[in-house]
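Input: a single structure, listed below in C-alpha cells.
The values are calculated or read from the model by the stated rules, or taken from the named source; none is laboratory data. Since this is a predicted model, take the numbers as computed values, not measurements. Note: ideal-geometry Cβ built from the backbone for every residue, glycine included; neighbour counts use all protein chains shown.
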C-alpha cells in the first residue's frame, strides 16, 4: 500500500490523478507530515524531476518480496551513484545528462533499475459523471488555448517560460479570421487573465471537466505545462511553445514543439524556475516565437484535419 503526500492545494488534483490506482492507501495534503513520518515506512521516496531516497528500512527488507527488495536496493544504490539531490540548480545537470543518455521525463526513471518505462503513455482516468458537465458547455469544432504560468502556485508575475498574453490574443484573432467556423476556447483557473478574441472562457472548472474539454479539442495551444501533458495523454495534438524548458526532456514527438532559436534551455540554471537566466524583463526566448509562426502550424493542422 502506498501513501502519497502532496503540497497544499493539490489534494483534489492528486485524487483525480491517482483515482485508477488500486493500491493507494491515502493521499495526504501536508508535506510537513511526510518529513515527520517518513521513518515509519518501509520506504519513503521523493519524486520530482529526480528521485530522492529519504528512507529505506533495511531491517524490513528481508520480509518483502524479492522483486520489491531488489528494486529498493537498486534505487538506493543508483541514487547514491548519481550524485545529485533533487532541487534547484542541480536539475540543469540532470537535464543535460538525460539528453546525453537519450532519456526524457518518463524514461529517466529507468536509470534507477527499478522501473520499466518504455514510452510516454500513461493512464489519465476520466470520470463519467463529469461528461454531463462537458456536454452542458455545448462545444463543437473548437481549439483550446491556455495562458498559464504557475499563477496557482502563488507566483505574482509571468514566469520566463510564459508566452506573452498579447501574443495569445493576436493568435486568437488570426485563427478567427482564417477559420471563422472554428471556436476558440480559453481554459484556465478562476483568476486567469483573458485572451482577447476568444469565443468562450472556461475558467475555474474542475480538472475532470477540463479533461473532457481537452480530449474533444481539435488542437490545444499552450506552453509546456500540465495541460499539454494531460491533453497529449488523452490523444489531442498540441502546439507546445518552448523557451527555458528542455524540449528533449519535456516534449512529445506526436506534438508540434516550437522551440526558440534565439535562446533556450536555461531552466534551473538559476535557483528558481521562474526567472530569466539573463535577467530580461521580456525573455527573448518566448518573445522570439511570433504569433505568425504559431499560426502557420495551426493552419497546417486544421487544413489537414478538414482535408484542405
- State which residue is farthest from residue 236 (Cα to Cα) when the search covers only region 142-168 and only residues that are modelled with pLDDT of 95 or more and surrounded by fewer than 19 Cβ atoms within 10 Å (Cβ to Cβ). 166
- Where in region 11-72 are there strands (runs of 3 or more DSSP E), lying fully within it, with 3 or more residues that are over 30 Å from residue 127 (Cβ atoms) and either touching a helix residue (DSSP H, G or I) at 6+ places or on another chain (Cβ under 9 Å) or modelled with pLDDT of 95 or more (or both)? 51-56
- Query: If a residue has to be out of contact with any strand residue (DSSP E or B) (no Cβ under 8 Å at 6 or more places or on another chain) and part of a helix (DSSP H, G or I) to count, how many in region 81-128 make the cut?
  - Reply: 18
- Options 90, 139, 126, 103: the member that is under 20 Å from the mean Cα position of the chain (by Cα) and over 30 Å from residue 44 (Cβ atoms): 126
- Query: Is it the case that region 201-221 has a residue that's modelled with pLDDT of 95 or more, over 26 Å from residue 135 (Cβ atoms), out of contact with any strand residue (DSSP E or B) (no Cβ under 6 Å at 6 or more places or on another chain) and part of a loop (DSSP other than H, G, I, E, B)?
  - Reply: no
- Item | Candidate set: region 247-262, residues that are assigned to a loop (DSSP other than H, G, I, E, B) and modelled with pLDDT of 95 or more; chosen: the one farthest from residue 210 (Cα to Cα) | 253
- Do we have any residue at all in region 147-163 that's within 20 Å of residue 16 (Cβ to Cβ), part of a helix (DSSP H, G or I), in the same structural domain as residue 291 (by TED's automatic domain parsing) and more than 17 Å from the chain's Cα centre (by Cα)? no
